[in-house]
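Chemist: Following this message is one structure expressed as structure tokens.
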Amino acid sequence: MSRVSLPHDAKAGPTKPEVRAVLLAKLDLAPSDHFVEVGSCTGAVTVEASRRAGRVTALERKPERLATTRKNLAANDAGDGVELREADAPEGLPDDADALFLGGSRNYEAVLDHAAETGVDRVVMNVSRLEVAGAATEAFRERNLLEDVVQFQVSRGYELAGATSFDSDNPVYMLVGGVDGEEEVAADGGRR
Ligand SMILES: C[S@@+](CC[C@H](N)C(=O)[O-])C[C@H]1O[C@@H](n2cnc3c(N)ncnc32)[C@H](O)[C@@H]1O
């Protein structure tokens, strides 16, 4: 299993390893891909993506967090092919992304507009707040970007009195799609 070392911390991160595993499966990155990330923060996703995609452009609006991305990339020998931009998306978004990940939700509607206009093949957004998840699902749907909505929660075991108990992370809503995305509908009319 590939590991990511994150010696440098930032307030809003990192995206947990189990969530990254699902995210990477959905993004399905290949060496021919240009991957664009909005909100790189600790760089946990940036590092993983740089091991799979040929090109990575990572945007982060907060300069101190972008510095953390840079330091954690260096700690993983992962800076090759990665361009870091201090920008508040949609500012700074390239026009040739194959896969786009919204790790931060600020201006997400304008970011989704840009994705739809430039024909991004795979778009994934992680949301933790319920109201934002609902509104963002609608925003994906309105732009014909929605294929799948996945909600999951990870619990991590710890030792308690010689046995194992669990601490639960917040639930994650993962919106998955892309241009020409079609929502999956089961034969009985329910969503799959
Ligand atoms: C939840 S954190 C992302 C965590 C990151 N995936 C990691 O593993 O560390 C969200 C980040 O997105 C950034 N952000 C939010 N909206 C943004 C935007 N429109 N453009 C650039 N950065 C943004 C925030 O500053 C924050 O650092």
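Chemist: State whether one or more residues within the stretch 40-49 are open to solvent by less than 10 Å² (accessible area, probe 1.4 Å), closer than 22 Å to K16 by Cβ, under 16 Å from the mean Cα position of the chain (by Cα) and in contact (Cβ under 8 Å) with a residue 60 or more places away in the chain.
Modeler: The answer is yes; a qualifying residue exists.
Chemist: Quick check on this structure: which one of P94, P31 is more than 8 Å from the ligand (Cβ to nearest atom), surrounded by fewer than 15 Cβ atoms within 10 Å (Cβ to Cβ) and touching a residue at least 12 places away in the same chain (Cβ under 8 Å)?
Modeler: One residue alone meets the criteria, P31.
Chemist: Report yes if R156 is surrounded by 14 or more Cβ atoms within 10 Å (Cβ to Cβ), more than 17 Å from the chain's Cα centre (by Cα) and either part of a strand (DSSP E or B) or touching a residue at least 24 places away in the same chain (Cβ under 8 Å) (or both), otherwise no.
Modeler: It is false that R156 is surrounded by 14 or more Cβ atoms within 10 Å (Cβ to Cβ), more than 17 Å from the chain's Cα centre (by Cα) and either part of a strand (DSSP E or B) or touching a residue at least 24 places away in the same chain (Cβ under 8 Å) (or both).
Chemist: Right, next: Return the pairs, sorted by first residue and then second, in which the second residue is modelled with pLDDT under 95 and crowded, with 24+ Cβ neighbours inside 10 Å, the first residue lies in the stretch 56-81 and is within 25 Å of A30 (Cβ to Cβ), the beta carbons are less than 9 Å apart, and the residues are 6+ apart or on different chains.
Modeler: Close Cβ pairs satisfying both conditions: none exist.
Chemist: Further question: Of everything in the stretch 112-141, what is of a type in the set (D, E, K, R), assigned to a loop (DSSP other than H, G, I, E, B) and closer than 19 Å to D33 by Cβ? Give them in sequence order.
Modeler: The one that is of a type in the set (D, E, K, R), assigned to a loop (DSSP other than H, G, I, E, B) and closer than 19 Å to D33 by Cβ: D121.
Chemist: Another question, then. Checking R85 against (1) open to solvent by less than 50 Å² (accessible area, probe 1.4 Å); (2) modelled with pLDDT of 95 or more: exactly one of these is not met. Which one?
Modeler: R85 satisfies every listed condition except (1).
Chemist: With respect to E109, is the statement that it is in contact (Cβ under 8 Å) with a residue 12 or more places away in the chain, open to solvent by 50 Å² or more (accessible area, probe 1.4 Å) and part of a helix (DSSP H, G or I) true?
Modeler: yes
Chemist: Which condition breaks for V36 when tested against (1) without any contact (Cβ under 8 Å) to a residue 40 or more places away in the chain; (2) out of contact with any Gly (no Cβ under 9 Å at 6 or more places or on another chain); (3) surrounded by 19 or more Cβ atoms within 10 Å (Cβ to Cβ)?
Modeler: (1)
The values are calculated or read from the model by the stated rules, or taken from the named source; none is laboratory data. This is a predicted model, so every value here is computed, not measured. Methodologically, a virtual Cβ is constructed for each residue, glycine included, from the backbone with ideal geometry; neighbour enumeration extends over all protein chains shown. Ligands, DNA and RNA are excluded from the accessible area calculation, which covers all protein heavy atoms including side chains. Shrake-Rupley method; radii C 1.70, N 1.55, O 1.52, S 1.80 Å.
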